[in-house]
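Have a look at the structure below before the remarks.
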């Protein structure tokens, strides 16, 4: 079972919601493999700068695993790029804290 919680999805259109869910599920599997443990992934998306034509996204992701909470955040004008950057930062934090290395997967 994929345990992902989404916050701020009501501010996204349907395409952005689907993109957020798709990328979160992909990274959830990778993160769960690295941690080798049950975990909860929380993705919080904030839409900033809504006065103009473009949207800026503030993305915070965190894992809640037994005895450990790890967080990463990123801001970007492109939701997909911002999500990838945030999840890559999260993976890097996990590798740093748990000394996992995905080079040999």
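I'm trying to understand the selection: among the residues of segment 69-79, which are within 28 Å of residue 37 (Cβ to Cβ) and touching a helix residue (DSSP H, G or I) at 6+ places or on another chain (Cβ under 7 Å)?
Once the filter is applied, which keeps residues that are within 28 Å of residue 37 (Cβ to Cβ) and touching a helix residue (DSSP H, G or I) at 6+ places or on another chain (Cβ under 7 Å), segment 69-79 yields 70, 72, 73, 74.
Go through the residues of segment 73-84 one by one and say whether even a single one is over 16 Å from residue 7 (Cβ atoms) and buried (at least 18 other Cβ atoms within 10 Å of the Cβ).
no
Any idea which residue in segment 9-30 is surrounded by the most Cβ atoms within 10 Å (Cβ to Cβ), counting only those that are farther than 14 Å from residue 83 by Cα and under 14 Å from the mean Cα position of the chain (by Cα)?
Per the stated criteria, the residue is 30.
Could you list, in sequence order, all residues of segment 59-86 that are farther than 19 Å from residue 15 by Cβ, part of a strand (DSSP E or B) and free of Cβ contacts under 8 Å to residues at least 24 places away in the same chain?
Residues satisfying the conditions are 69, 71, 72, 73, 74.
Residue 26 - would you say it is within 30 Å of residue 97 (Cα to Cα) and either in a helix (DSSP H, G or I) or at pLDDT below 95 (or both)?
Yes.
Among the residues of segment 1-23, write down those that are under 17 Å from residue 90 (Cα atoms) and in a loop (DSSP other than H, G, I, E, B).
Selection gives 3 alone.
The values are calculated or read from the model by the stated rules, or taken from the named source; none is laboratory data. Only a predicted model underlies this, so the values are computations on that prediction, with no experimental measurement involved. Cβ coordinates were reconstructed from backbone atoms using ideal geometry, including for glycine residues, and neighbour counts include every protein chain displayed.
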